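The block underneath contains the structure these notes are about, expressed in structure tokens.
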Amino acid sequence: MSQNSRPIPADIPAVPADADVRVRFCPSPTGTPHVGLIRTALFNWGWARHTGGKMIFRIEDTDAKRDSEESYLQLLDALRWLGIDWDEGVEVGGPHEPYRQSQRAGIYQDVISKLREAGYIYESFSTPEEVEARHRAADRDPKLGYDNFDRDLTDDQRAAYRAEGREPVLRLRMPDDDITFTDTVRGEITFKAGSVPDFVVVRADGSPLYTLVNPVDDALMEITHVLRGEDLLSSTPRQIALYRALHAVGVARYMPEFGHLPYVMGQGNKKLSKRDPESNLFLHREKGFIPEGLINYLALLGWSLSADEDIFTREQFIENFDIHDVLANPARFDEKKATAINSTHVRLLDGDDFRQRLVPYLHDAGLIADPITDDEQRILTAAAPLVQERVHLLGEGAEMLAFLFRDDAEIETEQGALKGMPANLQEALTVATEALAGLEDWTIEGIEAALRTALIEGLELKPRQAFGPVRTAVSGRKVSPPLFESLEILGKESTLARLQRFAQEQADAAAATA
């Protein structure tokens, strides 16, 4: 056998039974955080917190063409917003610094030297065209990939290739036996011998690939559980083989447990793509999801508290989460269910907390100043309780309360808001305006009594037709927060101004169509 390649020993210890759990979240900083990626972070975090272990957050940023600082900052923002914290890693430090792959080049080169010296990785000069030609000559499928041709090149053959100007990549020699492991989610899995070819771990320019640096970092950081997406399952035999080699050269202490989390599916039961709007974590935040609601729902994508409990707190999730209870079946992201769960958590918020969480949405809609003024705070304090039980998302709360913060002249009647108005609309508006104009007791009780007397008793209108014109006049909407409470907050002057303006608009519209 040539000295440039030799089999990797198969024996490597399992994670010690008394070892503290150490998990990692190691995304590449590319694009906007995807809900599937954040679900992976959540399950790692949940397992660490449940067991009293540690969560390590490192960044895999060796692809300079795709990685960006903006994406890195978005990852930090996403985790911090959701309250997913970490014990070691970027921004917090730890005993295994640095935690960005781009800053660990010297560490990788040292490991590469050990693997080369031991003969577990070897130089490979074959081009893709040569590999394909050999497959065709042997009547094999040309798509089979690398054929392990360079495993046992002689020194003379390697010298000849170099004389041609070729620079080799470095490949790990895969074991010649089946690779079997127990997946914490899927049970025992076997990859047959020969099903995975020797794979590249170092480019021709000497820079290591993800296939090497990811397991190296896991080994050096003593990760006990590699919990990652199902799409990475096919790479597990390569990681196991590399772990065996790393143990043989003194880099790895043990083989971690692997667990592959189910796909997150989108509409049509297709894997949720980054192009799908519902995959964008920040889009959900913009709509008004709160961390408590989104964490609850993301936890349900592959796990459940019990058969009949869909609603739980962050503390209940931590107390009950067990990675061994995660289901292998794909989980579908159902935005309606996510919204319903979020609405429950919105209703559970303390009133003051709910009010403060509305502030950014009101500000983004241009409804309040930054910082909020005393008068705006007065309106919000009085109005927030009117919508907390009625909204699913915080963004809806801002929409429902918008009319209370707008100037009287800015109220526009929404399409469809006039549907169902009484035939005597102008009369109803006139009577309502007169009743409120003469009201001295501008309280909820006083307003309700005046309108009921004038419209229900006086005009004999049913409540919906009686109060609908007033609601639409002051809010521009067919549906609004409770009417009498809203009018008290709005004040007498603005209420009368809006009623008169709305009445004039309807009169003008009627005249134009006459």
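Things worth noting here:
- Failed item, numbered, when HIS392 is tested on (1) surrounded by 17 or more Cβ atoms within 10 Å (Cβ to Cβ); (2) within 38 Å of the chain's Cα centre (by Cα); (3) outside any loop (DSSP other than H, G, I, E, B); (4) not aliphatic (A, V, I, L, M): (3)
- Scanning region 90-134 for residues being polar (S, T, N, Q), surrounded by fewer than 21 Cβ atoms within 10 Å (Cβ to Cβ) and within 28 Å of the chain's Cα centre (by Cα) gives a total of 2.
- Residues in region 175-217 that are closer than 18 Å to THR127 by Cα and not in a loop (DSSP other than H, G, I, E, B): PHE199, VAL200, VAL201, VAL202.
- Only helices (runs of 4 or more DSSP H) whose full extent lies in region 282-375 are considered here, and the ones with at least 2 residues that are over 26 Å from ILE489 (Cα atoms) are 291-299, 314-320, 335-348.
- Which listed residue, of ILE379, ILE323, ILE372, ILE318, is in contact (Cβ under 8 Å) with a residue 60 or more places away in the chain and under 27 Å from GLU399 (Cβ atoms): ILE379
- Region 61-89: number of residues that are open to solvent by 60 Å² or more (accessible area, probe 1.4 Å), under 25 Å from LEU220 (Cα atoms) and assigned to a helix (DSSP H, G or I): 0
- Looking at PRO128, PRO95, PRO142, just one residue is free of Cβ contacts under 8 Å to residues at least 12 places away in the same chain, over 22 Å from VAL196 (Cβ atoms) and not basic (Lys, Arg), and that residue is PRO95.
- Looking only at region 329-351, and only at residues there that are polar (S, T, N, Q) and open to solvent by less than 20 Å² (accessible area, probe 1.4 Å), the one that is nearest to ARG186 (Cα to Cα): ASN342
- Any pair with Cβ under 9 angstrom, 6 or more apart, that starts in region 327-342 at a residue that is of a type in the set (Lys, Arg) and ends at one that is surrounded by fewer than 16 Cβ atoms within 10 Å (Cβ to Cβ) and modelled with pLDDT under 95: ARG332/GLN267; ARG332/ASN269
- Considering residues of region 145-160 that are in contact (Cβ under 8 Å) with a residue 12 or more places away in the chain and touching a helix residue (DSSP H, G or I) at 6+ places or on another chain (Cβ under 9 Å) only, the residue surrounded by the most Cβ atoms within 10 Å (Cβ to Cβ): ASP150
- Any chance ALA409 is buried (at least 20 other Cβ atoms within 10 Å of the Cβ) and closer than 16 Å to GLY476 by Cβ: no
- Of all residues making up region 8-40, the number that are of a type in the set (A, V, I, L, M), crowded, with 17+ Cβ neighbours inside 10 Å and modelled with pLDDT of 95 or more: 7
- Selection count, region 434-464, where residues are open to solvent by 70 Å² or more (accessible area, probe 1.4 Å) and either touching a strand residue (DSSP E or B) at 6+ places or on another chain (Cβ under 6 Å) or among the polar types (S, T, N, Q) (or both): 1
- Yes/no for GLU493 being under 48 Å from the mean Cα position of the chain (by Cα), free of Cβ contacts under 8 Å to residues at least 12 places away in the same chain, surrounded by fewer than 19 Cβ atoms within 10 Å (Cβ to Cβ) and part of a helix (DSSP H, G or I): yes
- Of the residues ARG228, ARG238, the single one that is in a strand (DSSP E or B), buried (at least 16 other Cβ atoms within 10 Å of the Cβ) and either without any contact (Cβ under 8 Å) to a residue 60 or more places away in the chain or not polar (S, T, N, Q) (or both) is ARG228.
- Selection of first residues in region 282-306 that are closer than 13 Å to ILE318 by Cα and hydroxyl-bearing (Ser, Thr, Tyr) and of second residues that are open to solvent by 10 Å² or more (accessible area, probe 1.4 Å) and assigned to a loop (DSSP other than H, G, I, E, B), restricted to Cβ pairs under 9 Å at least 6 apart or on distinct chains, gives the following pairs, ordered by first then second residue: SER304/ASP310; SER304/LEU327.
- If you go through region 161-184 and pick out every residue that is of a type in the set (Gly, Ala, Ser) and either surrounded by 12 or more Cβ atoms within 10 Å (Cβ to Cβ) or under 35 Å from the mean Cα position of the chain (by Cα) (or both), you end up with 0.
- Within this structure, ARG477 fails the test of being outside any loop (DSSP other than H, G, I, E, B) and over 16 Å from ALA435 (Cα atoms).
The values are calculated or read from the model by the stated rules, or taken from the named source; none is laboratory data. As the structure is a computational prediction, the values presented were derived from the model and not from experiment. Glycine gets a Cβ as well: all are built from the backbone with ideal geometry, and neighbour counts include every protein chain shown. Just the protein is used for accessible areas: all its heavy atoms, side chains included, with ligands, DNA and RNA removed. Shrake-Rupley method; radii C 1.70, N 1.55, O 1.52, S 1.80 Å.
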